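The values are calculated or read from the model by the stated rules, or taken from the named source; none is laboratory data. Since the model is a prediction, treat every value here as computed from it, not as a measurement. Cβ: placed from backbone, ideal geometry, glycine included. Neighbour counts: every protein chain shown. The protein model used for the area step is the full one, side chains on, heavy atoms only, and it has no ligands, DNA or RNA in it. Shrake-Rupley method; radii C 1.70, N 1.55, O 1.52, S 1.80 Å.
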Amino acid sequence: MAQGLSIKVNGETRSVAADADTPLLYVLMNELNLRGPQFGCGLAQCGSCSVLVDGVEVRSCITPLSAIGTKSVTTLEGLPNWFAKQQGLASAPALHPVQQAFIDEQSIQCGYCYNGMTIKAAELLARNPRPSDDEIRTAMNGHLCRCGTYPRILKAIRRASREVAK
């Protein structure tokens with residue numbers, strides 16, 4: 001039976017009518033109409049459903065709503081505000097530097113991996129603003145790109161790191 005639960009998403013506390021064991025992805029997509037996280041494999045193996053929970057990437061397709069509790073969820077839509085808060089900016093940019101770099105480097109073709117790659121790259125750069133190529137590859141391991149644009153994705157993350165490290 002669906003319950004009235006609260007969840008903090010992108011800085012806003014929202015009420016949802018969902019069972020505590022409902023996957024977070026379904027709540028984000030179906031209850032809150034957020035389109036950043038995507039259903040990919042449903043097994044936490046592709047990364048398409050990734051979100052940040054208290055700044056740490058999690059796979060929302062296998063994370064039950066009950067596991068969130070009072071933690072803060074950041075989706076693709078909330079990355080600019082998350083970045084602004086981290087950097088102490090007065091206002092959020094239109095896009096997180098990773099989002100802008102993915103556009104500038106034309107890293108995304110079909111969009112399958114965009115959400116997960118962006119979320120994971122943002123998490124990485126928050127922890128390590130100047131990662132080596134090996135550190136980027138290690139961090140991105142487990143995020144699948146159907147189109148094989150991995151070289152462009154690496155280039156985009158390098159580009160974003162220059163912006164974040166300023």
Isotropically averaged projected area of the stretch 31-80, using the convex hull of Cα atoms (one quarter of hull area), nm²: 3.6
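Just to confirm, what accessible area per residue do you get for the chain at 1.4 Å probe, in whole Å²?
Numbers: 8340 Å² over 166 residues.
Accessible area per residue: 50 Å².
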Rg and Dmax [Cα atoms of the stretch 18-106; Å; Rg one decimal, Dmax integer]: 13.7, 41
Residue 35-residue 66 pseudo-label distance in nm [points 7 Å out on the Cα-to-Cβ vector]: 3.3
The stretch 84-155 - percent of accessible surface contributed by carbon and sulfur, probe 1.4 Å: 49
Angstrom value of the Kirkwood radius, inverse mean 1/r, which spans all Cα pairs in the chain: 16.0
Other-chain or far-sequence residues with amide H under 5 Å of residue 18's (modelled H): 3, 5
Reduced Cα scattering model of the stretch 61-158, Debye log10 I(q)/I(0), q = 0.12, 0.16, 0.19, 0.25 Å⁻¹: -0.41, -0.71, -0.97, -1.39
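Using Cα pairs closer than 8 Å and at least 6 residues apart in sequence, work out the relative contact order for the chain, in percent. Provide the component values of the computation, followed by the final result.
On the way: 295 pairs, mean separation 35.8, N = 166.
Taking the mean separation of contacting Cα pairs over the length of the chain, I get 22 percent.
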Rg over Rh, two decimals, the stretch 86-135 (C-alpha only, Kirkwood Rh): 0.98
Mean ellipticity per residue at 222 nm, deg cm²/dmol - from DSSP H runs of n ≥ 4 across the chain, formula -39500 (n - 2.57): -10000 deg cm²/dmol
Residues in the stretch 125-143 that a label on residue 84 would reach, taking backbone N under 20 Å of a point 7 Å out along Cα→Cβ: 126
